[in-house]
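The structure under discussion appears below in the form of structure tokens.
The values are calculated or read from the model by the stated rules, or taken from the named source; none is laboratory data. Keep in mind it's a predicted model, so treat the numbers as computed, not measured. Cβ coordinates were reconstructed from backbone atoms using ideal geometry, including for glycine residues, and neighbour counts include every protein chain displayed. For the accessible areas, the whole protein counts, side chains as well, though only heavy atoms, and no ligand, DNA or RNA atoms are used. Shrake-Rupley method; radii C 1.70, N 1.55, O 1.52, S 1.80 Å.
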Amino acid sequence: MKFQGLVKIIQKEFLSDDVFKIVIEKPKQMDAVKPGQFFNFNVERMLLRRPISVSAIGEETLEFTIKILGKGTEELSLLKTQDEVDIMGPLGNGFDTASHKKVLLVGGGIGIAPIKGLGGFFDKDGVEIKTLLGFRDKPYMLEAFKAFSNEVIIVSENDADYRQGYITLPLEETLKNQNEQFDMIYACGPSIMLKSVQKICAQFNAPVQLLMEEKMACGIGACLVCTCKTKSGDFGYKHSRMCLEGPMFFGDEVIFDE
Amino acid sequence: MKFQGLVKIIQKEFLSDDVFKIVIEKPKQMDAVKPGQFFNFNVERMLLRRPISVSAIGEETLEFTIKILGKGTEELSLLKTQDEVDIMGPLGNGFDTASHKKVLLVGGGIGIAPIKGLGGFFDKDGVEIKTLLGFRDKPYMLEAFKAFSNEVIIVSENDADYRQGYITLPLEETLKNQNEQFDMIYACGPSIMLKSVQKICAQFNAPVQLLMEEKMACGIGACLVCTCKTKSGDFGYKHSRMCLEGPMFFGDEVIFDE
Amino acid sequence: MSSVNMSVDLNGLKLKNPITVASGTFGFGREYANYVDLNDIGAISVKGLTLEPRQGNEGIRIAETPMGMINSVGLQNPGVEVFIKEEIPFLRQFDTKIIANINGNNIEEYCKMAEILSYEDVDSLELNISCPNVKNGGLAFGTNPSVVKEVVSKVRKASRKHLIVKLSPNVTNIKEIAMIAEQEGADCISLINTLSGMVIDINKRKPVLMRGSGGLSGPAIKPVAVRMVYDVYDAVKIPILGMGGISNSMDAIEFFLAGANAIAIGTANFVNPKITKQVLEGIEVYLAEHKYNSINELVRDLNV
Amino acid sequence: MSSVNMSVDLNGLKLKNPITVASGTFGFGREYANYVDLNDIGAISVKGLTLEPRQGNEGIRIAETPMGMINSVGLQNPGVEVFIKEEIPFLRQFDTKIIANINGNNIEEYCKMAEILSYEDVDSLELNISCPNVKNGGLAFGTNPSVVKEVVSKVRKASRKHLIVKLSPNVTNIKEIAMIAEQEGADCISLINTLSGMVIDINKRKPVLMRGSGGLSGPAIKPVAVRMVYDVYDAVKIPILGMGGISNSMDAIEFFLAGANAIAIGTANFVNPKITKQVLEGIEVYLAEHKYNSINELVRDLNV
Ligand SMILES: Cc1cc2nc3c(=O)[nH]c(=O)nc-3n(C[C@H](O)[C@H](O)[C@H](O)COP(=O)(O)OP(=O)(O)OC[C@H]3O[C@@H](n4cnc5c(N)ncnc54)[C@H](O)[C@@H]3O)c2cc1C
Ligand SMILES: Cc1cc2nc3c(=O)[nH]c(=O)nc-3n(C[C@H](O)[C@H](O)[C@H](O)COP(=O)(O)OP(=O)(O)OC[C@H]3O[C@@H](n4cnc5c(N)ncnc54)[C@H](O)[C@@H]3O)c2cc1C
Ligand SMILES: Cc1cc2nc3c(=O)[nH]c(=O)nc-3n(C[C@H](O)[C@H](O)[C@H](O)COP(=O)(O)O)c2cc1C
Ligand SMILES: Cc1cc2nc3c(=O)[nH]c(=O)nc-3n(C[C@H](O)[C@H](O)[C@H](O)COP(=O)(O)O)c2cc1C
Ligand code: FES
Ligand code: FES
């Protein structure tokens, strides 16, 4: 049986005005968790659960980093240390982390949360990590990224203390630089960013894994409401379930709408 | 304008397993509050507000005593000191407290809450008070009643430390006793109790005020969902709004169903 | 307060703003006057009126449901004559339009009321065709196309007042009913009335409401209402007064985008007596942010 | 576990307990097998099947609403042949009945599927007449009485399997449709399918779902579903499989009291994957407390 039930919150902390992290005690009967996997969080006030990626995987703990976007994440933000919350998972395929020497991590917005989990994982394996982070406003959680990355490049749309612009800028520059070769690129962020990342990586023939986000219901592949188009399939494309076949898709699989 | 808005909770305390009291700061712009009046409490998780009587009226504070019955009252029970809650009121007609020398107060179940508010009021005026209280299980809040009553009689359906049975027993005994005369009887409790109280008081020709409870929506007389039958009216009866014409009705006004 | 034009013209009924309150949820305005300035409301549709005074239904009249409520008030009201004598003069003290919501047991009663009110100081008649039709085994007038045709055309002949026809959502084809209403002379369509629903008390083992079923309102029904407004917009040319579960300005904006020219707030008044004003202000902010000059530009302004 | 008899016989379809899962909300059972013992479920109505594989609808397929959700999956499924080869053998490992939910673009497709499945190891066919009828301008089969008559009678002739007809709630008169289904040979009625609803994204200014409207499910629709089960019980003699917003055992008991012989859990599976078992246990406790010997005694056992 997969895990679904109450877990205890052992740490809760705000990282910025609207981003907080919670650390939970990992139940013994839970399956091993991979970076890029997610858990479906119950929110009492809303009908549906809320999917949240792991942002750090400890021996006996799991960390989640959550941005307040609407009522559901707002209710999660009210959780306190010692409270319990009903989660199910781990869900989804997670990142493919086959042995690499050097990887490029690309995170935009709250998409940096699963990227942090992935970085922590590679760090243990001694992989060389370069990280590109894009924020809308003031950056946060930078320490964690600096700790595991050999190099971190930060852009922000609105914070003048940092280079301004979109993450796609440093991504293009990095890939143009022939001196650096990456075994794999990993990206998570808003759909529009992933679409650009896909395009840029294709231009440079660089392999990339995209961690996608879409509204979900069951989170386990039963209801078919979370699909995106992927290239495999009889009709030139098929509708794959982000929650089960994803949320990680390879760059050359996904077809973005429009 | 009548008051509707946030008020601050300055005290919160559990009185038994499922009964708690909260004390709020009375806003300056609020109308004077009478015993038997109620406030409509907003409960975030539910659509409709929940009506709650005042159980004590201070100079600058109001007290409410609430029994957890369902989701709405459960959510109210989570409120803590310093939290704010959205209330509207005071609502309803409240008790008629025209000058009395001696009164009999009859409270059953959580119906003792408004009775406590009324006793506190009469106490200030030096009225002689006899109080009959009926509980299902272990009694609570007895100190408060003893403080203002000249005599308190307690029954419980299930607690063997007290006289067992329904409140109607001591009521009948009290009214039978020709040595005691009451200017007015006041009763609040479940509908079935009020129906018996009405009958007994009629037998003894004793004037009684009944504080009724029914599911409400608007709480101010606009939606007509909270009606009960009363004797006045063109057709022999009419449907009166508990929230506006009530919740207090005189014993000879109300027609109970069945 | 804002430079955005909020006035709307519902085919002859001119409102200073498009926020109205739904019949049966605002009494005759008196009670809410203690909480909100009635001058801030575009129009008030009063408690459903009948020719004679009505006592309404017996027993419990309300049950709460997930994000909704069902009611069975049964048109308790003092009758049209008392309305005329006591309530119109009260409401006329305020700068808001009066919509008289009329209800009948049969077509003659509807017509009689329309006639009587023709000579009275109300701004519009709202024909509530969700009433049970005694002749038709209690099924609502508004669910049978040929009955709708008859009642609307006869009421139209009985009065020259601005006429709103209020549709029942408990139908297979709402477009068909709306088109008939338009064809027979309605000036405006209002929708939706309540969905038919039931709650059973599992301890008493009987329906909470004595009549069994009642009318479901509140946020739960909003998606159904938005869909019906959207459909009716495609079917008729006359303006639409949209309602059903509106609880904040975002909800209201959904209705304008679906095709409503004005909206009504019902059940949400019970939760927040100041909601009308707050919704108005929220819409004004949205319009300004999105560079609209007038609320009328928002109507069905979908990106498609 | 309990001494109360929980087995039900839906006019030929015998279930060890009356808790089933609603089509489209439980996939083919595989996914939920990780969370709940499928042996504890009376029957599984599988994801809606079509003759050919279907890709389903494009774009966003879900929007959350107050205590509900609307979906627009568009019958994505691998087709009836793959179902037969891969899913029936999987489900047969468990002690639960298999209900094949069949869907067609036209009556011929429905009949073809019924024929094919006649020779396969499924326990019942559930005819979903909420599908859009291509011939009829996309209006659902289930909303037109004469189309219902035709499709049910033809499917009945095409197969001798136990036949459930699943009704659409988007109709004026659910009793009429149920009676036709009974008359044309349905063994059982299931209801309700989703209500038609719409959500508009006010920032993008377009309906969230690409097709505009979708199907509303979840607690929000429960009062509508209970009312329809209650009405249909009065209209037909065949058993009823009730559903719509059931989220706990109290909700389920409401449906039995309204007249359902068995119930299906849909949207609530998404929230709580173990809900089926929990509802079953909750009902057993209620029956014991209220001194019922069998679930069948609870059906429409109202105090009236
Ligand atoms: C696999 C997966 C992993 C995720 N991991 C994280 C994480 O680690 N940290 C985190 O903060 N968030 C994460 N999210 C996003 C998170 O689930 C949503 O922000 C959350 O569900 C919003 O709920 P809400 O009630 O606060 O907002 P709502 O009121 O539901 O929505 C607010 C707005 O956000 C949009 N929205 C809602 N859900 C999503 C979604 N899943 N994707 C894109 N837009 C959406 C809505 O359409 C609406 O416009 C993840 C999502 C998925 C699918
Ligand atoms: C004028 C008035 C004054 C009140 N004063 C107090 C008070 O001082 N302290 C207090 O604890 N309670 C008081 N109540 C009762 C209180 O409002 C209800 O207990 C509360 O609304 C229940 O909400 P819930 O969500 O917890 O339960 P729900 O889930 O709404 O209901 C649980 C059960 O109680 C029944 N119920 C709900 N509301 C009422 C009601 N108003 N009357 C009778 N039965 C009801 C329901 O039918 C259901 O069976 C008062 C009610 C009224 C009308
Ligand atoms: C308690 C109550 C009483 C109502 N009475 C009437 C009525 O008399 N006439 C009428 O046309 N509609 C009546 N309605 C329907 C509302 O006007 C409105 O159409 C419906 O409630 C949907 O809007 P809402 O979800 O915002 O409440 C009533 C609704 C409620 C809740
Ligand atoms: C995502 C989703 C997909 C559905 N697919 C089907 C389907 O393929 N066939 C069908 O007959 N009903 C389908 N339904 C309707 C359900 O079976 C059920 O009738 C409805 O959701 C009401 O029950 P609920 O409120 O418990 O979910 C679907 C419902 C949902 C939510
Ligand atoms: S969320 Fe149900 S299939 Fe993905
Ligand atoms: S609760 Fe609305 S009239 Fe009493």
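Data overview
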| quantity | calculated |
| --- | --- |
| Separation between Cα centres of the stretch D:100-128 and the stretch A:143-219, rounded to whole Å | 49 |
| Whole-number accessible area per residue in Å² for the stretch A:95-213, which is evaluated in the context of all protein chains at 1.4 Å | 46 |
| Among C:THR172, C:THR25, C:THR50: highest mean-square fluctuation, GNM of chain C, C-alpha pairs under 10 Å | C:THR172 |
| B:SER77/D:GLN93 FRET efficiency (R0 56 Å; Cβ-Cβ; nearest 0.05) | 0.75 |
| Accessible surface, the stretch B:214-258, averaged per residue in Å² (probe 1.4 Å) | 40 |
| Rounded to 5, the percent of DSSP beta bridges in the protein assembly as shown classed as antiparallel | 50 |
| Helix-only CD estimate at 222 nm, as mean residue ellipticity for chain B, using -39500 (n - 2.57) per DSSP H run (n ≥ 4) | -5500 deg cm²/dmol |
| Under 15 Å from the Cα of D:LYS97 - aspartates and glutamates, other chains or at least 8 residues apart | D:ASP9, D:ASP37, D:ASP40, D:GLU87, D:GLU120, D:ASP121, D:ASP123, D:GLU126 |
| Solvent-accessible area buried by pairing D with A, both sides, nearest 100 square angstrom, 1.4 angstrom probe | 2800 |
| Within the stretch B:116-203, GluC sites (Glu not before Pro) in DSSP loop having at most 15 other beta-carbon neighbours inside 10 Å | B:GLU157, B:GLU180 |
| FRET efficiency for D:ALA235 and C:GLN183, using Cβ-Cβ distance with R0 set to 35 Å, rounded to 0.05 | 0.60 |
| Nitroxide proxy distance, nm - points 7 Å out along Cα→Cβ at C:LYS16 and C:ARG300 | 2.9 |
| For chain C, calculated [θ]222 nm from helices alone, where every DSSP H run of n ≥ 4 adds -39500 (n - 2.57) | -8000 deg cm²/dmol |
| Shortest-first distances to equivalent copies, position A:LEU142, nm, label 7 Å out along Cβ | 6.6 |
| Cα shape, the stretch D:240-300, gyration tensor, a/c 1.5 rule | oblate |
| Shape call, chain C: gyration tensor on alpha carbons, a/c limit 1.5 | rounded |
| Within chain B, percent of DSSP bridges classed antiparallel, to nearest 5 | 60 |
| Of all accessible heavy-atom area on the protein assembly as shown, the percent that carbon and sulfur account for (1.4 Å) | 48 |
| Estimated FRET transfer efficiency when R0 is 35 angstrom, pair A:LYS124-A:ALA160 (beta carbons, to 0.05) | 0.45 |
| Net dipole in debye of the protein assembly as shown [+1 Lys, Arg Cβ; -1 Asp, Glu Cβ; about Cα centre; nearest 20] | 1480 |
| Amide H contacts of A:GLY58 (H built 1.01 Å from N, under 5 Å, at least 5 apart or other chain) | A:GLU63 |
| The stretch C:1-24 and the stretch A:13-27: distance between their alpha carbon centers, rounded to Å | 46 |
| Gaussian network model of chain B, Cα within-10 Å springs - most flexible of B:GLY111, B:GLY92, B:GLY236 | B:GLY236 |
| Minimum 20 Å² accessible area buried by the other protein chains, the stretch A:212-234 residues, probe 1.4 Å, relative to alone | A:GLU214, A:LYS215, A:ALA217, A:CYS218, A:ILE220, A:ALA222, A:CYS223, A:LEU224, A:VAL225, A:THR227, A:LYS229 |
| Relative contact order (percent, whole number), the stretch B:95-213, Cα cutoff 8 Å, 6+ residue spacing | 29 |
| Cleavage-rule hits, chymotrypsin sites (Phe, Trp or Tyr not before Pro), the stretch B:200-258, DSSP coil, Cβ neighbours within 10 Å at most 12 | B:PHE235 |
| Among C:ALA262, C:ALA178, C:ALA158: highest mean-square fluctuation, GNM of chain C, C-alpha pairs under 10 Å | C:ALA158 |
| 5 angstrom amide H check on C:LEU49, placed H, neighbours 5+ away | C:ASN101, C:ILE102, C:ASN103 |
| Nm distances between copies for A:MET1, ranked from closest, using label points 7 Å along Cα→Cβ | 5.4 |
| Dipole-positive endmost among D:ILE41, D:ILE202, D:VAL226 within chain D (Cβ charges, Cα centre) | D:ILE202 |
| Residue and distance (whole Å) for the chain A Cβ nearest the axis that superposes A on B | A:ARG45, 3 |
| Cα-projected label distance for B:ASN179 with D:LYS204, points at 7 Å along beta-carbon direction, nm | 8.2 |
| Contact order relative to length of chain A, as percent, for alpha carbon pairs under 8 angstrom and 6 or more apart | 17 |
| Diffusion coefficient, µm² s⁻¹, Stokes-Einstein with Kirkwood Rh over alpha-carbon pairs of chain A at 10 °C and 1.306 mPa s | 85 |
| Cα-projected label distance for C:ARG30 with A:SER99, points at 7 Å along beta-carbon direction, nm | 8.6 |
| For chain C, with +1 on Lys and Arg beta carbons and -1 on Asp and Glu, the positive-most of C:CYS111, C:ASN136, C:VAL279 along the dipole | C:ASN136 |
| Amide hydrogen neighbours beyond the local backbone of D:LYS274, cut-off 5 Å, H modeled | none |
| Heavy-atom accessible area, 1.4 Å probe, ligands and nucleic acids excluded: residues of the stretch C:215-241 down by at least 20 Å² from chain alone | C:LEU216, C:PRO219, C:ALA220, C:PRO223, C:VAL224, C:VAL226, C:ARG227, C:TYR230 |
| The stretch C:213-304: trypsin sites (Lys or Arg not before Pro) in DSSP loop, at most 14 other beta carbons within 10 Å | C:LYS237, C:LYS291 |
| Debye, to nearest 20: dipole size of chain C, +1 on Lys, Arg Cβ, -1 on Asp, Glu Cβ | 660 |
| Label spacing, shortest first and in nm, from B:GLY58 to its equivalents in the remaining copies (7 angstrom along Cα→Cβ) | 4.3 |
| Length-normalised contact order of chain D in % [C-alpha pairs under 8 Å, at least 6 apart] | 20 |
| Size of the C/D contact, given as accessible area buried on both chains, probe 1.4 Å, in Å² | 3600 |
| For the stretch C:140-268, size of Cβ-based charge dipole, Lys and Arg +1, Asp and Glu -1, in debye | 520 |
| Shape of the stretch C:171-304, Cα gyration tensor, a/c cut at 1.5 | oblate |
